[in-house]
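Colleague: Provided herewith is a single structure, encoded as structure tokens, for subsequent inquiry.
The values are calculated or read from the model by the stated rules, or taken from the named source; none is laboratory data. These numbers come from a predicted model, not from an experiment. All Cβ positions, even for glycine, are placed from backbone atoms using ideal geometry, and neighbour counts span all protein chains on display. Keep in mind that these areas ignore ligands, DNA and RNA; they rest on the heavy atoms of the full protein, side chains included. Shrake-Rupley method; radii C 1.70, N 1.55, O 1.52, S 1.80 Å.
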Amino acid sequence: MSPQVAATDPATSWAVWPAPAKLNLFLRITGRRDDGYHLLQTVFRLLDWGDSIRLRVRDDGQICRHGASAPGVAEADDLTVRAAKLLQSEAKITQGADIVVEKRIPSGGGFGGGSSDAATVLVALDALWGTCLEVDRLAGLGLRLGADVPVFVRGHNAWAEGVGELLSPIDLPPAWYVLADPGVHAPTAALFSTPELTRDAAPATIADFVSGVPLGNAFEPVLRVREPAVEAVFAALSQIGSPRLTGSGSGCFVEFASREDAEAALVALPQGLRAWLATGASRSPLLEARSRWEGAGTE
């Protein structure tokens with residue numbers, strides 16, 4: 001991702017900000033809170049690939065989405081619009097924004113597209129509107145939009161617990177990923193309520209993860225049985241490595257230690273499979289964009 005950010009006159013010009021995808025390198029459900037929310041453990045890996053968000057500041061206070069976002073999502077329900085309105089309300093901002101979402105992340109794949117788009121709007125408009133809230137406050141606003149939003153706001157690979165909001169930054173080695181989209185929109189709410197889902201896994205530790213203990217994804221066995229397309233992608237990816245499911249979506253991936261190995265594996269996959277290459281990021285492209293914007297503002 002190499003977005004252009006910090007237009008010289010953001011009040012009249014569009015600025016383009018990255019909304020990186022993520023992978024869940026594992027996902028365990030260890031219990032449930034009294035309010036019904038599931039307790040999770042996972043590691044979020046941010047990618048140097050994802051959507052782009054085009055933003056232009058308005059003087060009339062209106063928040064306007066231009067074009068479609070995720071298929072079937074009304075403007076009022078769009079997380080980017082909700083994020084902009086939430087920040088506007090909390091910071092008592094009189095300016096508005098035009099929003100265009102350039103989608104690359106498939107919906108329902110577990111790659112975090114909607115959450116990342118919302119986080120990018122929070123972080124970018126915080127800069128463009130000059131609200132300059134601290135990251136903890138922005139992450140708190142993000143949590144009100146969705147459990148995965150804070151990790152994108154903070155912009156670091158992280159070990160996560162709770163409902164996914166208790167984040168501890170974690171250093172991950174360089175890695176390249178072959179990603180695949182089975183074309184299935186996994187219904188998260190329905191999956192969380194399915195009786196086959198394992199909800200009482202023994203808690204893992206960071207040491208378990210670092211040492212390579214297989215921790216799995218609680219949704220993988222459920223989706224592989226329920227969705228033939230997911231099982232077919234697993235079968236194809238198993239020819240090049242050890243496939244995993246990301247999040248509660250249908251997206252699958254295989255990790256490689258070198259770009260050359262990942263590129264060779266991608267070429268070896270069957271024709272017609274929706275698969276592509278992405279690089280693991282050590283720091284979110286969104287944070288890099290914010291840093292460049294702040295640097296340009298001080299020149």
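Colleague: Output the residues belonging to region 89-98 that are open to solvent by 30 Å² or more (accessible area, probe 1.4 Å) and touching a strand residue (DSSP E or B) at 6+ places or on another chain (Cβ under 6 Å).
Modeller: Selection gives Gln95 alone.
Colleague: Which of the residues spanning region 161-176 are closer than 27 Å to Leu145 by Cβ, open to solvent by 20 Å² or more (accessible area, probe 1.4 Å) and in a loop (DSSP other than H, G, I, E, B)? It would help to see each step written out before you state the result.
Modeller: Of the residues in region 161-176, the ones closer than 27 Å to Leu145 by Cβ are 161-170, 172.
Still in the running and open to solvent by 20 Å² or more (accessible area, probe 1.4 Å): 161, 163, 165-170, 172.
Across region 161-176, the qualifying residues are Val163, Glu165, Ile170, Leu172.
Colleague: Looking only at region 251-261, decide whether some residue is under 17 Å from the mean Cα position of the chain (by Cα), in a loop (DSSP other than H, G, I, E, B) and small (Gly, Ala, Ser).
Modeller: Here is the first cut: in region 251-261, the ones under 17 Å from the mean Cα position of the chain (by Cα) are 251-253.
Retained after the next criterion (residues that are in a loop (DSSP other than H, G, I, E, B)): 251.
Filter again for small (Gly, Ala, Ser), leaving 251.
Yes, some residue in region 251-261 is under 17 Å from the mean Cα position of the chain (by Cα), in a loop (DSSP other than H, G, I, E, B) and small (Gly, Ala, Ser).
Colleague: Here is a further query. Exactly one of these conditions fails for Arg45: (1) within 30 Å of Ala281 (Cα to Cα); (2) more than 17 Å from the chain's Cα centre (by Cα); (3) basic (Lys, Arg). Give me its number.
Modeller: (2)
Colleague: Can you work out which of the residues in region 262-299 that are of a type in the set (Ser, Thr, Tyr) and not in a helix (DSSP H, G or I) is surrounded by the fewest Cβ atoms within 10 Å (Cβ to Cβ)? Quick ask: steps written out before the conclusion?
Modeller: The first filter runs over region 262-299 and keeps only residues of a type in the set (Ser, Thr, Tyr), leaving 279, 282, 284, 291, 298.
Going one step further and asking which of them are not in a helix (DSSP H, G or I), we end up with 279, 282, 284.
Working: Thr279: 15, Ser282: 13, Ser284: 29.
Restricting to residues being of a type in the set (Ser, Thr, Tyr) and not in a helix (DSSP H, G or I), the top hit is Ser282.
Colleague: In region 56-88, which residue that is among the hydrophobic types (A, V, I, L, M, F, W, C), part of a loop (DSSP other than H, G, I, E, B) and in contact with a strand residue (DSSP E or B) (Cβ under 9 Å, 6 or more places away or on another chain) is nearest to Ala15 (Cα to Cα)?
Modeller: Keep residues of region 56-88 that are among the hydrophobic types (A, V, I, L, M, F, W, C), which gives 57, 63-64, 68, 70, 73-74, 76, 79, 81, 83-84, 86-87.
Applying the additional criterion that residues be part of a loop (DSSP other than H, G, I, E, B) yields 68, 70, 73-74.
Narrowing the set further to residues that are in contact with a strand residue (DSSP E or B) (Cβ under 9 Å, 6 or more places away or on another chain) leaves 68, 70.
On the way: Ala68: 18, Ala70: 21 Å.
Filtering region 56-88 for residues that are among the hydrophobic types (A, V, I, L, M, F, W, C), part of a loop (DSSP other than H, G, I, E, B) and in contact with a strand residue (DSSP E or B) (Cβ under 9 Å, 6 or more places away or on another chain), the one nearest to Ala15 (Cα to Cα) comes out as Ala68.
Colleague: Return a yes/no flag: does region 153-173 have any residue that is closer than 30 Å to Glu231 by Cα, β-branched (Val, Ile, Thr) and modelled with pLDDT under 95.
Modeller: So far as region 153-173 goes, yes, one or more of its residues are closer than 30 Å to Glu231 by Cα, β-branched (Val, Ile, Thr) and modelled with pLDDT under 95.
Colleague: Determine whether region 274-285 contains at least one residue that is under 29 Å from Arg154 (Cα atoms) and modelled with pLDDT under 95. Steps first, please.
Modeller: Applying the first criterion (under 29 Å from Arg154 (Cα atoms)) to region 274-285 yields 275-285.
Those still in the list that are modelled with pLDDT under 95 too: 282-283.
Among the residues of region 274-285, at least one is under 29 Å from Arg154 (Cα atoms) and modelled with pLDDT under 95, which makes the answer yes.
Colleague: Also: Kindly indicate the residue of region 99-137 that is among the charged types (D, E, K, R) and open to solvent by 10 Å² or more (accessible area, probe 1.4 Å) and also farthest from Gly249 (Cα to Cα) among those meeting that condition. Give the derivation first.
Modeller: Just the residues of region 99-137 that are among the charged types (D, E, K, R), to begin with: 102-104, 117, 126, 134, 136-137.
Now restrict to residues that are open to solvent by 10 Å² or more (accessible area, probe 1.4 Å): 102-104, 134, 136-137.
Values: Glu102: 20, Lys103: 17, Arg104: 15, Glu134: 31, Asp136: 27, Arg137: 28 Å.
Looking at the filtered set, the residue picked out is Glu134.
Colleague: Since Glu255 meets every condition but one in (1) of a type outside the set (Gly, Ala, Ser); (2) free of Cβ contacts under 8 Å to residues at least 24 places away in the same chain; (3) open to solvent by 50 Å² or more (accessible area, probe 1.4 Å), which condition does it not meet?
Modeller: Failed condition: (2).
Colleague: Additional query: Which of the residues belonging to region 89-148 are assigned to a helix (DSSP H, G or I) and of a type in the set (Lys, Arg)? If you could, list the steps in order and put the result at the bottom.
Modeller: Step one: list which residues in region 89-148 are assigned to a helix (DSSP H, G or I), which gives 89-90, 113-128, 135-145.
Within region 89-148, Arg137, Arg144 meet the criteria.
Colleague: Go through region 223-250 and give me each residue that's assigned to a helix (DSSP H, G or I) and surrounded by 22 or more Cβ atoms within 10 Å (Cβ to Cβ).
Modeller: Of all residues in region 223-250, those assigned to a helix (DSSP H, G or I) come to 223-226, 228-237.
Hits for region 223-250 are Leu223, Val230, Val233, Leu237.
Colleague: Only one residue in Pro182, Pro195, Pro214 is open to solvent by less than 30 Å² (accessible area, probe 1.4 Å) and farther than 19 Å from Leu46 by Cβ, so which one is that?
Modeller: On the way: Pro195 fails: open to solvent by less than 30 Å² (accessible area, probe 1.4 Å); Pro214 fails: open to solvent by less than 30 Å² (accessible area, probe 1.4 Å).
None of the others qualify; the one that does is Pro182.
Colleague: Another one. Tell me yes or no: at least one residue of region 141-155 is touching a Lys or Arg at 6+ places or on another chain (Cβ under 8 Å), surrounded by fewer than 19 Cβ atoms within 10 Å (Cβ to Cβ) and not polar (S, T, N, Q).
Modeller: The initial filter retains those residues of region 141-155 that are touching a Lys or Arg at 6+ places or on another chain (Cβ under 8 Å), namely 145, 148, 151-152, 155.
Checking which are surrounded by fewer than 19 Cβ atoms within 10 Å (Cβ to Cβ) leaves us with none.
No: zero hits.
Colleague: Out of everything in region 15-54 that is over 17 Å from Ser248 (Cα atoms) and among the basic types (Lys, Arg), what residue ends up being surrounded by the most Cβ atoms within 10 Å (Cβ to Cβ)?
Modeller: Arg54
Colleague: Looking only at region 55-69, filter to residues that are small (Gly, Ala, Ser) and surrounded by fewer than 19 Cβ atoms within 10 Å (Cβ to Cβ); which one of those is modelled with the lowest pLDDT? Steps first, answer last, please.
Modeller: To start, the set of residues in region 55-69 that are small (Gly, Ala, Ser) comprises 61, 67-69.
Checking the rest, the ones that are also surrounded by fewer than 19 Cβ atoms within 10 Å (Cβ to Cβ) come to 61, 67-68.
Details: Gly61: 96, Gly67: 86, Ala68: 74.
Of everything passing the filter in region 55-69, Ala68 is modelled with the lowest pLDDT.
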